[in-house]
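Notes for the one structure printed next.
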Amino acid sequence: LLLLLLLPPALPAAGDFDPYRVLGVGRSSSQADIKKAYKRLAREWHPDKNKDPGAEDKFIQISKAYEILSNEEKRANFDRYGEAGESQGFSQHQHRQFHRFHDGFYFDESFFHFPFNSERRDTSDEKYLLHFSHYINEIVPDSFKKPYLIKITSDWCFSCIHIEPVWKEVAQELEALGAGIGVVHAGYERRLAHHLGAHSTPTLLGLINGKITFFHNAVVRENLRQFVENLLPGNLVEKITDKNYIRFLSDWRKDNKPHVLLFDHMPVVPLLYKLTAFAYRDYLSFGYVYVGLRGTEELSSQYNINVYTPTMMIFKEHIDRPADVVQAREMKKQLIDDFLSQNKFLMVARLTSQRLFQELCPVKKSHRQRKHCVVLLTGEGEKFAEAYEAFLTFAVANTKDTLKFVHIYNERQPEFADALLMDEEKYRGRSAVVILERRNNAGKIAYKVLEEAWQGSKEDNFILLDLLDQLRTDPGLLSSETVVADLNDELAPIFLIRWLYSSLDYISDCWDSLFHSNWREMMPLLSLLFSALFILFGTVIVQAFSDSSDTRDSPPSEKEETTAKTEKNDVTFSKESNSRIPKKGFVEVTELTDINYTSNLVRLRPGHMNVVLILSNSTKTPLLQKFALEVYTFTGSSSLHFSFLSLDKHREWLEYLLEFAQDAAPIPNQYDKHFLERDYTGYVLALNGHKKYFCLFKPHRSGDEGGTLGSCEDYDASLHGEARGKPSCSPGSRSIKNKLHKLSFWMERLLEGSLQRFYIPSWPALD
């Protein structure tokens with residue numbers, strides 16, 4: 001039932017366009033009858049002769065009908081499937097798979113067999129198989145002359161089987177037109193498949209100028225043809241009409257190339273012609289004339305063009321007449337290649353680069369393969385025009401396989417001209433003729449210069465002709481030898497333009513890769529891009545929060561500070577601009593004992609520090625008050641813990657630690673009579689339990705900068721507002737508090753990491 005439902009859409013239906021009806025012939029008509037009907041209708045409906053508004057559309061239909069019926073393969077496809085080519089591959093595939101239904105279902109035995117192994121793989125792909133070394137050494141360099149359509153396939157690939165009929169047809173068609181075809185078997189050429197960026201099969205891609213482009217549309221004939229056509233540059237062929245043909249043909253002086261015109265009745269440029277233009281773009285300039293278009297009558301009439309037969313003309317130095325012509329009802333690639341390869345250069349080409357010099361004047365390989373170049377050394381402008389025209393006339397009359405006539409501008413190639421003319425006075429400002437032969441690729445040449453300057457007179461012609469006759473029998477006539485430098489590339493674009501083109505190509509590649517390339521290859525680039533964006537936006541966000549925090553933590557003005565001191569229960573601990581916001585309204589300071597010693601120090605989490613104040617029973621209250629005041633602004637940090645240590649209980653533990661800070665405190669010994677009397681109260685230790693180091697704060701001596709600290713009541717009032725105005729502190733208490741003067745600055749340096757660190761092998765026990 002499922003097959004019955006699927007079968008009707010797969011059967012081909014006849015299209016609305018019937019070429020037999022358009023030409024008015026029967027299905028059994030011969031090619032002679034079809035051609036006779038086409039010529040009669042073409043003359044009747046040609047837009048130049050028939051002024052009917054629909055004449056142009058009718059003429060196009062007649063041409064299309066004749067194109068189908070004049071080709072036996074297309075005619076057979078139309079007779080069998082009702083179509084000329086667009087989908088006959090699929091239709092033929094369906095026709096082969098399904099047969100007529102009579103008493104029941106019947107399948108061709110090929111329906112159950114698939115070419116999943118190398119033994120049953122289609123032999124038509126064998127001649128297109130590519131290997132890695134072959135691809136790198138031959139295919140990539142050849143892609144600068146023609147585009148390649150490459151298929152990546154493998155065994156056990158169902159989709160590869162589905163596209164096989166279309167692939168065969170398109171491969172044969174494009175190969176005949178001049179495109180390259182390649183097949184890569186991913187199972188045997190994994191390195192090449194990975195190099196091409198193909199991570200699944202089937203994959204179709206194009207290669208041109210060494211650049212890979214992936215095919216992403218439905219695999220049908222027209223899409224593949226259009227894909228190959230889109231690979232080609234858009235400016236290969238110029239549309240020519242009566243308005244621009246003189247300008248086009250006259251550009252031979254600027255381009256230093258012959259110009260080719262193709263006259264055809266097709267409204268669009270044939271793909272064959274575009275592929276040919278790409279292959280010969282370094283030697284020739286191409287134009288296309290649609291003879292069915294209004295505005296080409298003068299052009300067709302001047303060169304006596306047969307509008308019913310494709311015509312190719314090549315123009316060189318003379319634009320009033322073609323240098324060579326070829327006509328054929330079906331332009332084949334081989335015919336075009338033979339025609340163009342014989343007309344790649346002007347009659348008297350200008351040497352504009354070293355590559356052109358090597359092609360026109362090759363190095364001699366043997367006595368029988370001697371080739372000589374006759375070089376006209378001249379200048380630009382009307383002053384030298386007469387001498388150039390005379391040299392061109394002489395070259396046309398004496399062209400031979402062993403002789404090449406070229407010219408060169410002295411101002412553009414001064415090193416070359418100076419090496420041959422030796423800067424002689426008689427040639428200054430005048431033209432000269434040199435006969436030369438290249439001896440090797442290093443620049444060595446043998447040459448002979450005409451005795452007098454070239455003026456193009458009959459005498460000059462006789463002298464040059466006589467020298468060429470002597471040269472055939474006496475190669476020793478070229479008696480002078482020299483070494484010339486490589487020629488300058490006159491037609492090369494300037495650096496800025498080359499850089500611009502390279503940038504545009506790079507942007508185009510990135511754009512194509514971003515939207516069409518395999519995402520597996522794009523992951524590194526995307527990862528780098530998103531990482532950079534994350535870092536950029538993360539930095540901006542952090543900076544924004546940091547700026548807002550700095551604004552909130554900025555120091556208050558003197559007026560605000562005075563007002564805050566007069567308010568009850570209001571503390572003024574924010575003195576530094578970089579302080580953190582306290583989370584609580586008090587400082588939590590715990591005593592460091594043998595019970596919490598392990599958790600608060602030895603096993604303290606990485607990145608955390610315990611700030612320990614050393615005090616005694618007699619100094620406990622004033623030192624804790626001053627300590628709380630100094631460290632209050634740092635209680636907002638979750639990595640800082642605050643403790644105090646009793647010197648009366650743990651003096652031995654402290655002395656052990658101070659031994660590792662010898663520059664901070666002297667090493668005590670048992671012979672020191674003041675050993676047990678040394679005062680360590682007011683010392684502060686910042687202990688990093690994980691990395692086993694500590695930083696040390698030494699208290700200030702009594703009386704140091706004491707006058708700048710304010711009274712004892714100020715300290716008391718800041719923490720005990722109810723005691724304001726009661727002078728309960730003695731001068732001795734004030735001196736004890738002065739020991740922690742500038743502790744807040746030391747804390748700032750602790751957080752910056754700029755304090756000296758004293759490392760210990762292990763934490764001693766706190767007994």
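The values are calculated or read from the model by the stated rules, or taken from the named source; none is laboratory data. Since this is a predicted model, take the numbers as computed values, not measurements. Cβ: placed from backbone, ideal geometry, glycine included. Neighbour counts: every protein chain shown. Heads up: the accessible areas ignore ligands, DNA and RNA and are worked out on the full protein's heavy atoms, side chains in. Shrake-Rupley method; radii C 1.70, N 1.55, O 1.52, S 1.80 Å.
Key figures
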quantity: Subset of the stretch 202-248 (residues that are touching a strand residue (DSSP E or B) at 6+ places or on another chain (Cβ under 8 Å) and among the small types (Gly, Ala, Ser)); calculated: GLY206
quantity: Within the stretch 27-36, tally of residues that are over 54 Å from the mean Cα position of the chain (by Cα) and more than 16 Å from THR309 (Cα to Cα); calculated: 6
quantity: Subset of the stretch 146-198 (residues that are on the phi > 0 side of the Ramachandran plot and either touching a Lys or Arg at 6+ places or on another chain (Cβ under 6 Å) or surrounded by 21 or more Cβ atoms within 10 Å (Cβ to Cβ) (or both)); calculated: GLY178
quantity: Index of the failed condition, ASP423 passing every other in (1) open to solvent by 20 Å² or more (accessible area, probe 1.4 Å); (2) modelled with pLDDT of 90 or more; (3) not in a strand (DSSP E or B); (4) not aromatic (Phe, Trp, Tyr); calculated: (2)
quantity: One residue from TYR135, TYR66 being modelled with pLDDT of 85 or more, assigned by the TED database to the domain that holds LEU204 and buried (at least 17 other Cβ atoms within 10 Å of the Cβ); calculated: TYR135
quantity: Near pairs, Cβ below 7 angstrom, 6+ apart or cross-chain, from the stretch 585-603 (under 22 Å from GLU652 (Cβ atoms) and crowded, with 18+ Cβ neighbours inside 10 Å) to any residue that is among the hydroxyl-bearing types (Ser, Thr, Tyr) and modelled with pLDDT of 90 or more; calculated: LEU592/SER643; ASN600/SER643
quantity: Close pairs (7 angstrom Cβ cut-off, 6 or more residues apart or separate chains): more than 17 Å from SER341 (Cα to Cα) in the stretch 356-368, modelled with pLDDT under 85 and open to solvent by less than 70 Å² (accessible area, probe 1.4 Å) anywhere; calculated: LYS364/ARG370
quantity: Any hit, the stretch 350-359, residues being under 47 Å from the mean Cα position of the chain (by Cα), open to solvent by 10 Å² or more (accessible area, probe 1.4 Å) and aromatic (Phe, Trp, Tyr); calculated: no
